[in-house]
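K.L.:
Let me give you the structure first, and then I'll get to my questions.
Readers should treat all values here as calculations from the given coordinates under stated rules, not as data from a laboratory. Treat the numbers as computed from the prediction; the structure is a model and nothing was measured. Neighbour counts are summed over all protein chains in view; Cβ atoms, including those assigned to glycine, are modelled from backbone coordinates with ideal geometry.
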Amino acid sequence: MTTFQESAHIALQDTQLRHNIGNATRAIRAKRNDAVAELPDWEELREAGRALKERVLRHLDHYLVQFEEAVTASGGQVHWARDAAEANRVVVELVKATGADEVVKSKSLTTEETKLNEALEENGIRPWETDLAQLIIQLAHDTPSHVLVPAIHKNRAEIRELFERELGIENLSDEPAELAEAARRHLRAKFLSARVGISGGNFGVAETGTIALFESEGNGRMCTTLPETLITVLGIEKLIPTWQDFEVYLQLLPRSSTAERMNPYNSFWTGVHEGDGPQEFHLVLVDNGRTNVLADEIGRQALGCIRCSACMNFCPVYERTGGHAYNSVYPGPIGAILTPQLEGLDRAGSLPYASRLCGACYDVCPVKINIPQVLVHLRHQVVKHERATLDPEQAAMRAMAKVFSSRRRYEVAQRLARAGQWPFARRGVIQHLPGGLSGWTATRDIRPLPKQAFRDWWRQR
Amino acid sequence: MSDAREEILGRVRTALRNVPDDESPDDVRVERAYRRDSGEPHEAVVALFVERVADYRAEVERVPASELRERVTRACERHSARRLVVPEGVPAHTRPEGVELIEDRNLTHAELDAIDGALTGCAAAIAETGTIVLDAGPDQGRRALTLVPDLHICIVPADRVVGSVPEAVARVAGGQRPVTLISGPSATSDIELRRVEGVHGPRRLVVLVVE
């Protein structure tokens, strides 16, 4: 498994990538700050957003059962999937049952996580990604690098070239409006004729069984309104207790993600609506590691994430490495705490170190996930995980812990060090330490201990 | 399938062992200390709505009731719309002249695609965010009507404009009819994170606020 440090090292050498990501995140940071500053009660909204998610997570079994009942009562069919393979199997079977050999898809991180498109293709079903950025990614055979703007690493010139090559459109300019127009023409016929739509969802309301989808382009509305059959894939953590709670999330999410007062379209549907939209509705509830995250009392808060992407837009590490370095569907600070918990430390143990713990992510998180706290917690897990091996650094740290935990041992160690340091100190600095300690002085000097410690001076006063 | 359900619920319960058995969801405190309404007089709320809709580069006008038909007609002319789909609940006195008005008798997607625009009312509107709320009421019709045609003309009675998001959420019966919030024309920020109007939904949105 490639570590974050290895991937970041490669990414940092790509100056075009750094330029694209730096440009995009700089613009969105300024816009987000303006959008948030407009609301005098932003902090109160954040606190409510956090508390509602805590309520759901602490009683997730209750809310899942309530949600299932409400969806079923309104004409939907609920399916459960323990892992990615099971989720894909369920979706493939549902599509096959309709006889369709292609589907239109709106952007869904959960189906990215389960690699649904590959499973569909293996079964002879063609998935059409309809979100502009997802279309770019699909045409380029690339993977997403940002949760909101999966193609953030590509600039307009690169997208123009891709469209000319893959869609066979000539004389395209690199004006974003013209590129969007090309995508509209390309997908129009698909939307009008598709029999099956597949979507994700931003929220599921336990009380009513309502699903919410927040988007900009209208492709989400197309996928969830026009086909005869709709299949929505939802992680089990996406629930909120009641319809009323949208008064919080409708304010927190748009301003944190696209940095707008409101994104262009928010759709809410509840099961099957007679004479309006799909007359067959399936909901697939996916675990795929989420219950592992839930079991960790500190790490659990990561499941409150509403996928706004503010944390990556503000992260100084993400800004330089981009999203691919995280080797995960969920990049940036949230990915650094979510991925190791979903996939295990063996696969993603390097990610908790993809941060300098500056806390910018925590400051901007609309549901107040304490990302630095979870990062430190996970680093502790990584260290514990590695403790089984007889590592000299581990041994040294354990010895240090012993010395520092007793006043007597500490003072003895100080006296020994003062006596032992004289061969290395030159003109008030130590430039080279011997043996195993030489690593410390490879890039820095240290000051020797003074002749008299503060403790000794204090006693003599 | 039910095996998966039982196993997932079992995993959730195991993961939540540390939550006391006698704790109920309502025991987890949720402080709703945020603003419930904007606290502004109604005239200011309507003025803010108009300003915010305009920010999305939608066309927005305040219209006296007596002039509504004329203004709808003019909007159609401006956008060369000759055929409009109109839900049955849109009042007769608002329907434009010189334009073919089409009733939604189970129009197919292809038929809708050949229509120039849709004329609807709305359930509510939100000033702070410049948002129109549709709930598939009789003057709004089913969701496809305001999605497939390239022009949406929306009549917003001034008394349906509220200041804040919480006020609008309280006005709509979520969980029964489908609800759609519309804030400006279809747009994307997918290219270099810059907003561009006009992708799959209607590229032109005309909002007429009626006094």
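K.L.:
Under the rule a/c < 1.5 gives rounded, and otherwise a/b versus b/c splits prolate from oblate, where does the stretch A:167-216 land using the Cα gyration tensor? It would help to have the intermediate numbers written out before the result.
P.N.:
On the way: a/c = 5.12, a/b = 2.17, b/c = 2.36.
It comes out oblate by the Cα gyration axes.
K.L.:
What is the stretch A:39-288's relative contact order, in percent, from Cα pairs under 8 angstrom and six or more apart in sequence?
P.N.:
On the way: 419 pairs, mean separation 71.0, N = 250.
Reported relative contact order: 28 percent.
K.L.:
Determine the percent antiparallel among the DSSP beta bridges restricted to chain A, to the nearest 5.
P.N.:
Values: 12 of 36 bridges.
For chain A, the DSSP antiparallel bridge percentage is about 35.
K.L.:
Identify all lysines with a Cα-Cα distance to A:LYS154 below 23 Å; exclude those on the same chain that are fewer than 8 residues away in sequence.
P.N.:
Straight-line reach from A:LYS154, under 23 Å: A:LYS31, A:LYS105, A:LYS107, A:LYS115.
K.L.:
If we count every other residue with Cβ under 10 angstrom of B:ALA170's Cβ, Lys/Arg +1 and Asp/Glu -1, where does the sum land? Provide the component values of the computation, followed by the final result.
P.N.:
Values: positive: B:ARG36, B:ARG171; negative: A:GLU247, B:ASP37, B:GLU167.
In short, -1.
K.L.:
If R₀ is 22 angstrom, what is the calculated FRET efficiency for the pair A:ARG165 and A:ASN123, using the beta carbon separation as r and rounding to 0.05? Kindly include the intermediate steps, with their values, before the conclusion.
P.N.:
Values: r = 28 Å, r/R0 = 1.26.
Efficiency computed from Cβ-Cβ geometry: 0.20.
K.L.:
If you count, for every residue in A:185-195, the Cβ atoms of partner chains within 10 Å of its Cβ, what is the mean?
P.N.:
Working: counts 0, 0, 2, 3, 2, 0, 5, 6, 2, 1, 0.
For peptide A:185-195, the averaged partner shielding equals 2.
K.L.:
Taking K and R as +1 and D and E as -1, what net charge do the other residues with C-beta under 11 Å from the C-beta of B:HIS79 add up to? Show your work: numbers first, answer last.
P.N.:
Numbers: positive: B:ARG74, B:ARG78, B:ARG82, B:ARG203, B:ARG204; negative: B:GLU59, B:GLU77, B:ASP116, B:ASP150.
Local charge sum for B:HIS79: +1.
K.L.:
On to the next question. Which lysines have a Cα less than 30 Å from the Cα of A:LYS384, not counting those fewer than 8 places away in the same chain?
P.N.:
Hits, sequence-local ones excluded: A:LYS53, A:LYS368, A:LYS402.
K.L.:
Measuring from the lowest to the highest alpha carbon on each principal axis, how far does chain A reach, largest first, in angstroms?
P.N.:
Extents along the principal axes, in whole Å: 91, 55, 47.
K.L.:
In peptide A:61-67, how many Cβ atoms from other protein chains are near each Cβ within 10 Å, on average? Numbers along the way, then the final one.
P.N.:
Working: counts 9, 4, 2, 4, 3, 1, 0.
Per residue, the average neighbour count from other chains is 3.
K.L.:
Taking chain A as the reference, fit the longest principal axis to its C-alpha atoms, fit the long axis of helix A:156-166 to the helix C-alpha atoms, and give the angle between the two in degrees, 0 to 90, nearest 10.
P.N.:
Here the helix axis deviates by roughly 50 degrees.
K.L.:
Percent relative contact order of chain B, based on C-alpha pairs within less than 8 angstrom and at least six residues apart? List each step's numbers first, then the result.
P.N.:
Working: 368 pairs, mean separation 51.2, N = 211.
Relative CO of chain B lands at 24 percent.
K.L.:
Between beta-carbons, use under 13 Å as the cut-off and find the net charge around A:GLU54, counting Lys and Arg +1, Asp and Glu -1. Before the final figure, lay out each step's value.
P.N.:
Details: positive: A:ARG46, A:ARG50, A:LYS53, A:ARG55, A:ARG58, A:ARG300, A:LYS368, B:ARG29; negative: A:GLU47, A:GLU237, A:ASP245, A:GLU297, B:GLU23, B:ASP26, B:ASP27, B:GLU31.
After counting each charged neighbour, the total is 0.
K.L.:
Averaged across A:250-262, how many Cβ atoms of other chains sit within 10 Å of each residue's Cβ atom? Walk me through the numbers on the way to the answer.
P.N.:
Numbers: counts 8, 8, 0, 0, 5, 1, 0, 1, 5, 3, 9, 11, 12.
Mean shielding by partner chains, rounded to a whole number: 5.
K.L.:
So what is the relative contact order for the stretch A:392-460, in percent, with contacts set as C-alpha pairs under 8 Å and at least six apart? The partial results should precede the final answer.
P.N.:
Values: 36 pairs, mean separation 15.4, N = 69.
About 22 percent, as a whole number.
K.L.:
Give the residues of the stretch B:136-179 whose amide nitrogen is closer than 19 Å to a point set 7 Å from the Cα of B:ARG36 in the direction of its Cβ.
P.N.:
B:161-174
K.L.:
Starting from the 7 Å offset along Cα-to-Cβ, what nm value, one decimal, do you get for the label separation of A:HIS9 and A:LEU437?
P.N.:
2.9
K.L.:
Which Cys residues of chain A have no other Cys beta carbon under 4.7 Å away?
P.N.:
Unpaired cysteines in chain A: A:CYS223, A:CYS305, A:CYS308, A:CYS315, A:CYS358, A:CYS365.
K.L.:
Taking the stretch A:156-264, which GluC sites (Glu not before Pro) meet the DSSP loop condition and have no more than 15 other C-beta atoms within 10 Å?
P.N.:
Values: sites: A:GLU158, A:GLU161, A:GLU164, A:GLU166, A:GLU170, A:GLU178, A:GLU181, A:GLU207, A:GLU215, A:GLU217, A:GLU228, A:GLU237, A:GLU247, A:GLU260; in loops: A:GLU170, A:GLU207, A:GLU217, A:GLU228, A:GLU237, A:GLU260.
Passing sites in the stretch A:156-264 are A:GLU170, A:GLU228.
K.L.:
By how many nm would the segment from B:THR73 to B:GLU211 lengthen if fully extended, with 0.36 nm per residue of separation less the alpha-carbon distance?
P.N.:
Numbers: separation 138, 0.36 × 138 = 49.68 nm, distance 1.78 nm.
Here the answer is 47.9 nm.
K.L.:
Let me ask another. Which of A:PHE314, B:PHE49 has the fewest other C-beta atoms within 10 Å, and how do the rest follow up to the most?
P.N.:
Ranking A:PHE314, B:PHE49 by Cβ neighbours within 10 Å, fewest first, gives A:PHE314, B:PHE49.
K.L.:
To test your reading of the geometry: what angle, between 0 and 90 degrees and rounded to tens, separates the Cα axis of helix A:407-420 from the longest principal axis of chain A?
P.N.:
With rounding to tens, the tilt is 70 degrees.
K.L.:
Could you check the simple spin-label distance between A:ASP142 and A:GLN421, using points 7 Å along Cα→Cβ, in nm with one decimal?
P.N.:
Here the modelled spin labels are 5.3 nm apart.
K.L.:
Based solely on its DSSP helices, what 222 nm [θ] is calculated for chain A when runs of n ≥ 4 H residues each add -39,500 (n - 2.57) and the sum is averaged over all residues, nearest 500 deg cm²/dmol?
P.N.:
Rounded to the nearest 500, the figure is -15000 deg cm²/dmol.
K.L.:
Take every DSSP beta bridge whose two residues both sit in the stretch B:1-133, then give the antiparallel share in percent to the nearest 5.
P.N.:
Working: 3 of 8 bridges.
Once the DSSP bridges in the stretch B:1-133 are tallied, antiparallel ones form about 40 percent.
K.L.:
I would also like to ask the following. Residues in the stretch A:248-269 near a label at A:ALA37, defined as backbone nitrogen under 18 Å from the 7 Å Cα→Cβ point?
P.N.:
A:255-262
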